[in-house]
Every structure is written in C-alpha cells, then in structure tokens.
1. Do we have any residue at all in the range 147-165 that's at pLDDT below 95, on the phi > 0 side of the Ramachandran plot, of a type in the set (S, T, N, Q) and surrounded by fewer than 22 Cβ atoms within 10 Å (Cβ to Cβ)?
2. Tell me which residues, restricted to the range 282-295, are within 26 Å of the chain's Cα centre (by Cα) and either crowded, with 19+ Cβ neighbours inside 10 Å or without any contact (Cβ under 8 Å) to a residue 12 or more places away in the chain (or both).
3. Here is a list: L71, L46, L50. Which entry is farther than 21 Å from F133 by Cβ and either assigned to a loop (DSSP other than H, G, I, E, B) or assigned by TED's automatic domain parsing to the domain that holds F139 (or both)?
4. Check the range 178-186 and report whether any residue there is of a type outside the set (S, T, Y), within 22 Å of Y340 (Cβ to Cβ) and either within 22 Å of the chain's Cα centre (by Cα) or not assigned by TED's automatic domain parsing to the domain that holds S108 (or both).
5. Which ones in the range 177-188 are surrounded by 14 or more Cβ atoms within 10 Å (Cβ to Cβ) and not charged (D, E, K, R)?
6. Any residue in the range 75-98 that is over 28 Å from D329 (Cα atoms) sitting within a Cβ distance under 6 Å of a residue that is among the charged types (D, E, K, R) and in a loop (DSSP other than H, G, I, E, B)? List the pairs, counting only those 6 or more apart or interchain.
7. For the range 74-102, give me the residue count where each residue is acidic (D, E) and within 19 Å of A128 (Cα to Cα).
8. Could you say which residue among K270, K302 is surrounded by fewer than 19 Cβ atoms within 10 Å (Cβ to Cβ) and on the phi > 0 side of the Ramachandran plot?
Amino acid sequence: METAQLSLFDVFDTPMPQIRTIRPSATPINIDTFTSIELFAGAGGLALGLEKAGFNSIGLIELDKSAADTLKFNRPKWNVINADIANISPLDLPHYFNIAKSELDLLSGGAPCQSFSYAGKRLGLEDARGTLFYHYAIFLKKLQPKVFLFENVRGMLSHDNGRTYETILNIFKSEGYSVKTDVYNAWDYGVAQKRERLIMVGIRNDLVGKLHIETPKPHKHKPVLRDILNDVPPSVGVKYSDQKRKIFELVPPGGYWRDIPEDIAKDYMKSCWHMEGGRTGILRRLSLDEPSLTVLTSPSQKQTDRCHPLEARPFTVRENARCQCFPDDWTFCGSVGQQYKQVGNAVPVQLAYEVARKIYEGLEGM
C-alpha cells in the first residue's frame with residue numbers, strides 16, 4: 001500500500017522521525033509460537049492469516065495512517081509501526097525488534113514493484129535501489145529469517161518483460177535463500193473470489209534439507225457468492241447515480257453490457273464502445289452462483305463494475321470484506337474511500353492462512 005519512494009541515500013539526508021520502539025511497550029514474545037515481522041501490512045489480510053496459522057507478530061510496518069489505525073484498533077497488542085519503511089530499514093534491525101539475527105522465523109509482506117535499474121545488468125540489490133522492494137530486501141539481509149513470504153500480483157512475472165521478477169529472484173538467492181514461486185487463485189482455497197496472487201517462499205540455505213514447506217492443496221469445494229452474502233452486517237458503501245442504477249436494473253445477474261438494449265449500452269459506454277476486446281467488466285453484474293471477480297480498491301469504475309447480484313448497487317465495504325475473508329468484527333478505519341482501498345488491497349485472509357499454515361508446519365517439523 002505504500003507509495004513513497006526513497007533511496008537509502010535520501011534516508012540518511014532526511015531527519016529521522018520519532019518511531020515507536022518495540023522494547024519497552026511490546027507484548028513479550030511467546031516462545032511457544034513462531035515469530036513474524038510483516039512489511040507493507042495494509043489492513044491486515046496477510047497478518048490475520050498468519051495469526052490464524054499460529055504466528056506471533058513482533059512488528060507490522062505500514063505507511064498509510066488509516067490502514068495502520070485499522071491494525072491498531074483491531075489488535076491493540078500488535079506492535080504496529082506507522083512509518084515509512086525507508087526510515088526503518090537503515091536501522092540496526094535486530095536491536096530495534098529485540099531479536100537476534102537469524103532467529104526470526106518469518107519475514108512477510110508484498111512490496112509494490114516499480115521498474116528497476118538495469119545498468120550493467122547486475123540484477124542484484126543495487127538494481128533495486130530507490131524502490132520499495134529494496135527495503136524488503138534490506139530487512140531480509142539484516143534479519144536473515146529462517147523463511148520469507150513475498151506476495152504480489154501475478155503480473156509481476158511479466159512486468160518489464162520479466163526483468164522485475166528476474167531481479168527479485170536473483171536478490172533473494174544472493175541473500176542466501178532457496179526460493180519457490182507459485183501463483184494461487186484464491187477461489188481454489190476456500191475464498192469466494194477469483195483473485196490470483198504470486199507468492200514466493202524462501203528457505204534460508206542452511207536450513208534446506210531440514211525445513212520442508214509443502215504447497216497447500218486446492219479445496220474440493222469452491223464457494224460462490226451465495227455462500228457468503230447471507231446476513232452481512234450493515235456497513236458504509238457508495239451508491240450509483242440514479243441514471244447508472246436504472247441501467248443496472250436492466251442487467252440480469254451474471255450479465256453485462258451485451259445483455260441490455262444496444263442504444264442504452266452505447267450511450268453509457270461512450271468512447272469505450274469502440275474499444276477492442278470483450279469489455280466484459282463494463283456494466284458487469286455478478287451472480288450468486290459465481291465467485292466475486294477480483295475485489296478492487298474502487299467500487300464503481302466504469303470498466304471494472306462489480307454490481308451486487310440482487311440490488312442495483314456496488315458491494316458495501318462489509319460485503320467486499322466478506323469476499324476477502326475478513327471476520328465481521330474486523331473494523332476498518334478512515335473514510336469510506338479509504339476503507340474500500342484497504343479491503344481491495346488486502347490478501348484474502350483464508351489464502352494467507354493456507355500458505356502460512358504450511359510454513360508453520362514446516363518450522364514445526366525441523
């Protein structure tokens with residue numbers, strides 16, 4: 001969720017802010033569970049999955065204040081650090097988190113991946129300087145956790161003709177990790193949503209052969225919206241304009257712009273009418289008998305409509321949260337737009353759990 005870009009040189013030229021330290025106020029580490037630190041924590045989808053799997057978080061870093069407030073409100077005992085990661089990564093991280101180098105069990109998170117530099121084609125850490133991923137790599141370098149989990153969109157594999165993924169993989173390997181990359185569709189793992197995520201899991205090389213992490217198996221049952229949209233608690237949400245609502249009332253569940261009179265569709269779509277491709281996201285109304293399409297950060301963009309199956313309106317924040325497997329008592333802070341953004345940016349909790357549980361089981365088996 002972070003958007004700021006600072007190089008390490010920028011950090012040293014910038015006065016350091018007052019950052020909460022973990023030692024005096026943090027919850028003592030439970031030695032009976034495995035520890036984790038999460039970067040780019042957002043509203044907690046990944047963190048909740050890790051918690052459900054048994055991990056004990058000793059730190060979560062998130063720049064966005066509303067998302068950080070969400071984490072603090074729902075888990076007052078979590079050590080939530082609302083700060084720019086570029087101001088944290090230069091620190092003595094083992095000292096800051098009160099954990100010896102190589103003792104952390106899991107480093108997790110998913111940094112936005114901008115295009116990297118390819119001067120000299122080193123494809124190493126220097127190529128990532130100035131990007132948010134650089135700071136994830138610095139955490140990995142300084143803490144040397146037993147395992148890391150790095151998640152991103154599937155498109156990272158092809159981003160910049162594959163060079164972004166190649167650089168990231170090379171950096172992970174150069175820091176001493178054996179890496180397995182998988183693309184997961186959340187719908188295969190108990191989530192009523194078609195949402196693909198790229199997940200890279202790395203094992204520190206000295207533990208290869210001792211630590212075995214299996215890939216979670218897809219579920220036989222694949223839920224649909226009918227399974228999750230019952231008794232959703234009331235919540236905030238945006239509405240369509242009267243004109244758009246009347247048009248959506250013409251669209252049948254599971255249908256889109258081709259299912260209404262052509263003159264109405266053409267007037268609504270305007271320049272989009274002449275675009276190539278199926279344009280199946282325009283005037284798209286979901287059906288109770290299908291999963292949600294990928295939950296987005298904005299609920300009513302023309303080219304990515306996600307109309308409610310039974311009512312001519314977008315999903316509420318709480319309905320989107322159901323699609324992302326957030327518990328109903330998980331409160332989102334900030335404006336309505338910020339809440340939609342937090343939910344849309346999250347990793348589905350159930351998918352996070354499925355992957356995290358296999359990591360936890362691998363650590364238990366050492």
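1. yes
2. Within the range 282-295, I282, R284, R285, L286, P291, S292, V295 meet the criteria.
3. Unique residue meeting the criteria: L71.
4. Yes, the conditions are met somewhere in the range 178-186.
5. Y177, S178, V179, T181, Y184, N185, A186, W187
6. P94/K101; N98/R23
7. The number of residues fulfilling the criteria is 1.
8. Answer to the selection: K270.
The values are calculated or read from the model by the stated rules, or taken from the named source; none is laboratory data. Please read these numbers as outputs of a predicted model, since none were measured by experiment. Using ideal geometry, Cβ is built from the backbone for each residue, glycine included, and neighbour counts are taken over all protein chains shown.
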